[in-house]
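Colleague: Below are the structure tokens for one structure; questions will follow.
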Amino acid sequence: MQAAQDIADGIRARFGIDPPFVGIVLGSGLGEVAEIVEDPVALPYDEIEGFPEAGVHGHAGRMILGQVAGLGVALLQGRAHYYEDGRADAMKLPVRVLAALGCRALFLTNAAGSLRPEMAPGSLMLIGDHINFTGVSPLFGETGANRFVDMVNAYDPDLRARFEATAEALSIPLWQGVYLWTSGPNFETPAEVRAARVLGADAVGMSTVPEVILARHAGLRVAALSLITNLAAGMSDTPLSHEQTLALAKPAAANLKHILADVLAGLAAEKNNRS
Ligand code: HPA
């Protein structure tokens with residue numbers, strides 16, 4: 001596997017780009033959020049050695065480089081999941097390439113099931129903390145003292161405040177809560193959902209947590225948003241399916257797109273004022 005820095009250098013040379021400031025990972029059904037990127041250039045994952053194949057329906061599998069309000073971004077449209085072949089570190093190389101490209105922050109998005117009846121499908125939830133229900137870490141096998149990553153404030157308080165303020169300014173309701181990571185690919189049992197609620201989780205999903213851990217290990221600031229596509233197993237009569245996840249993610253993606261674009265524009269304005 002080529003080192004992340006070599007890959008990043010190759011990408012920057014090929015496209016002649018300045019270092020992007022923010023990396024973004026789009027979850028299931030959220031591909032259209034990529035429309036916020038101006039002057040986009042797309043790089044399919046299969047042209048980047050060691051990048052995941054885009055396996056899951058609803059994931060395009062490409063990196064999009066460009067700007068939002070003049071701020072350089074590198075957006076990953078499609079992610080690899082632990083459930084695909086049992087490797088929790090499936091996103092290790094992509095996250096490290098984003099860091100090596102120059103990104104300082106990583107914004108993650110996902111589709112998730114709600115554990116709170118009042119947080120209905122179509123809601124957006126800003127992740128404040130997480131519970132790792134899988135017992136695995138993407139850092140298994142790492143050496144060096146920095147593998148003992150401090151996970152307090154893993155979801156950056158300053159970035160969280162920006163997302164909250166932006167959503168409020170746009171009059172888009174934004175919940176805050178704890179995301180619980182399950183391995184998937186099967187959905188949870190009703191008993192697991194009850195357990196997750198007792199543990200203090202607000203939403204459940206099959207992604208994001210490994211990327212958060214990898215990003216913190218790489219020194220990136222993290223923000224993460226869940227798009228609620230369903231009430232979790234046993235909480236409603238609607239059968240759970242990936243098709244339902246995609247169908248609900250698409251319309252609600254518009255709100256997410258607006259919030260992301262405005263947070264990035266705010267960061268761009270601040271960066272310009274400083275330089
Ligand atoms: N459980 C796990 N992952 C999910 C769900 C769910 O209910 N909805 C969307 N992704």
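The values are calculated or read from the model by the stated rules, or taken from the named source; none is laboratory data. Because the structure is a prediction, the values reported are computed rather than measured. With ideal geometry, Cβ positions are generated from the backbone for all residues, glycine too; neighbour counts draw on all protein chains shown. Side chains included, ligands, DNA and RNA excluded: accessible areas come from the protein's heavy atoms. Shrake-Rupley method; radii C 1.70, N 1.55, O 1.52, S 1.80 Å.
Colleague: Would you please name the residue that is farthest from the ligand (Cβ to nearest atom), looking only at residues in segment 102-132 that are more than 12 Å from L75 (Cα to Cα) and touching a Pro at 6+ places or on another chain (Cβ under 8 Å)?
Modeller: G102
Colleague: Let me ask something additional. For segment 163-215, which residues satisfy the criterion of being of a type in the set (A, V, I, L, M), more than 10 Å from the ligand (Cβ to nearest atom), out of contact with any Leu (no Cβ under 9 Å at 6 or more places or on another chain) and outside any helix (DSSP H, G or I)? Write out each step before concluding.
Modeller: Step one: of segment 163-215, the residues of a type in the set (A, V, I, L, M) are 165, 167, 169-170, 172, 174, 178, 180, 191, 193, 195-196, 198-199, 201, 203-204, 206, 209, 212-215.
Filter once more, so that each one left must be more than 10 Å from the ligand (Cβ to nearest atom): 165, 167, 169-170, 172, 174, 178, 191, 195, 198-199, 201, 209, 212-215.
Imposing the further condition that a residue be out of contact with any Leu (no Cβ under 9 Å at 6 or more places or on another chain) reduces the set to 165, 169-170, 191, 195, 198.
Across segment 163-215, the qualifying residue is only L170.
Colleague: Being in a strand (DSSP E or B) and within 17 Å of the chain's Cα centre (by Cα) is the filter; apply it to segment 69-105 and report the residue that is surrounded by the fewest Cβ atoms within 10 Å (Cβ to Cβ). Give the steps one after another, and end with the answer.
Modeller: Just the residues of segment 69-105 that are in a strand (DSSP E or B), to begin with: 71-77, 105.
Restricting the remaining residues to those that are within 17 Å of the chain's Cα centre (by Cα) gives 73-77, 105.
On the way: V73: 26, A74: 27, L75: 26, L76: 28, Q77: 24, A105: 19.
Looking at residues that are in a strand (DSSP E or B) and within 17 Å of the chain's Cα centre (by Cα), I get A105.
Colleague: Within segment 253-274, identify whether any single residue is among the basic types (K, R), free of Cβ contacts under 8 Å to residues at least 60 places away in the same chain, in a helix (DSSP H, G or I) and out of contact with any Asp or Glu (no Cβ under 8 Å at 6 or more places or on another chain), and answer yes or no. Break it down stepwise before answering.
Modeller: Residues of segment 253-274 among the basic types (K, R): 257, 271, 274.
Those left that are additionally free of Cβ contacts under 8 Å to residues at least 60 places away in the same chain: 274.
If we keep only those that are in a helix (DSSP H, G or I) as well, we get 274.
Filter again for out of contact with any Asp or Glu (no Cβ under 8 Å at 6 or more places or on another chain), leaving 274.
Yes, that holds for at least one residue.
Colleague: Please find, within segment 225-250, the residue that is most open to solvent (accessible area, probe 1.4 Å) out of those that are more than 10 Å from the ligand (Cβ to nearest atom) and under 18 Å from the mean Cα position of the chain (by Cα).
Modeller: K250
Colleague: State which residue is modelled with the highest pLDDT when the search covers only segment 55-68 and only residues that are open to solvent by 50 Å² or more (accessible area, probe 1.4 Å) and out of contact with any strand residue (DSSP E or B) (no Cβ under 6 Å at 6 or more places or on another chain). So that I can check it myself, show each step before the final result.
Modeller: Going residue by residue through segment 55-68, those that are open to solvent by 50 Å² or more (accessible area, probe 1.4 Å) are 55, 57, 60, 62, 67.
Subset that is out of contact with any strand residue (DSSP E or B) (no Cβ under 6 Å at 6 or more places or on another chain): 55, 57.
Numbers: G55: 58, H57: 51.
Filtering first and then ranking leaves G55.
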